[in-house]
Every structure is written in structure tokens, then in C-alpha cells.
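Some notes on the structure that comes next.
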Amino acid sequence: MTSVNPSPGRVDELDWRTRAACRDVDPELFFPTATAGAALIEAESAAVAVCTGCPVIAECRRWAVAEQPHGIAGGLTEAQRTALRHPRPARRGRPVGVRVPVSVRGARHRETGRAALAAGAEPGLVAAQCGVTRRTAERWAAELRRDHRVAVGVRVGGGR
């Protein structure tokens, strides 16, 4: 008589988990208690740092997007996974596929956010992924437009 594995594929799923970089890390790290601001950004950055060098991040990310609603998983925050599960249709004038890198968190968020805006990303997306308000991202976009006008020789301001 042959035996049947009641959950085929489960062995493969467990296999990648045994090789995960987070295997020996306190699970609480991946469920930040802060709700906003610098404390949340710092907590998310610490968790994402563990994921950065993980040998099974691709498998983990696929699982996280499909199955994990909370915390940091697959190197992605809850908001990033939600955005991947429910992509918004591209808007006119916004290049499809322009995304702000996950490594945005921290001191470089302004430069990375401005770079994403220059590449055509929407201010709302940049704000969400950089951890700033939409108004801040819109201010960065206005600065980019002003810098562009100055670079091409258009007079800025109302002086005589």
C-alpha cells in the first residue's frame, strides 16, 4: 500500500523557510508596534535589513504577497504588499512600472523620493513609500520643476 502525502508542496514550503535569514531572529522585530513617524520607519528598516541578504527572499516575497497580511515579510511592509496585491491602474502621464525602491527608508529618503518623482512617479506613491506626507512629496515635485526651469534658463520669480 502506498502512502499519500496529505499536503503536497508543504515540504517545499518548509524547505525555503528553514534557509531564511530570519530563522534565528526574534519574530517581534517583524511586527513593529509603532504606528507612524520616525519610530515606525526605524522599526521597519531594522526588519527589512534582515531580509536584504536573505538567500530565499524571492520565495518569501511570493508567500508574503499571497498570504501574509501583517508585519514585515519578504522585505516588504504591509502597505507595499497591499499595493502589489491590488495595483492601481496607471494614470495618464505616469509611466507604468515606476516604483520607489524599498531601500528608501532613512536619511536618503529625500534624494530617492526626488529621483522617483523625476522618473515620473506619482507624489502619492512617493509619499507612501518614503514615509512622508503627500504635501512633502508635492513640495519635492515643485522644487524639481523650479530646478528644471532654472537649468533651461527660464526666469523664476517675479523680479524685474
Exercise. Quick one: ranking 109, 86 by accessible area, 1.4 Å probe, largest first, what do you get?
Worked result: 86, 109
Problem set entry | Computed FRET value (nearest 0.05) for residue 66 with residue 145, which takes r as the C-beta separation and R₀ as 30 Å | 0.15
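The values are calculated or read from the model by the stated rules, or taken from the named source; none is laboratory data. Because the structure is predicted, anything quoted here is derived from the model rather than measured. So basically every Cβ, Gly included, is an ideal-geometry build from the backbone, and we count neighbours across all protein chains shown. Just so you know, the surface numbers come from the protein's heavy atoms only, side chains and all, with ligands and any DNA or RNA stripped out. Shrake-Rupley method; radii C 1.70, N 1.55, O 1.52, S 1.80 Å.
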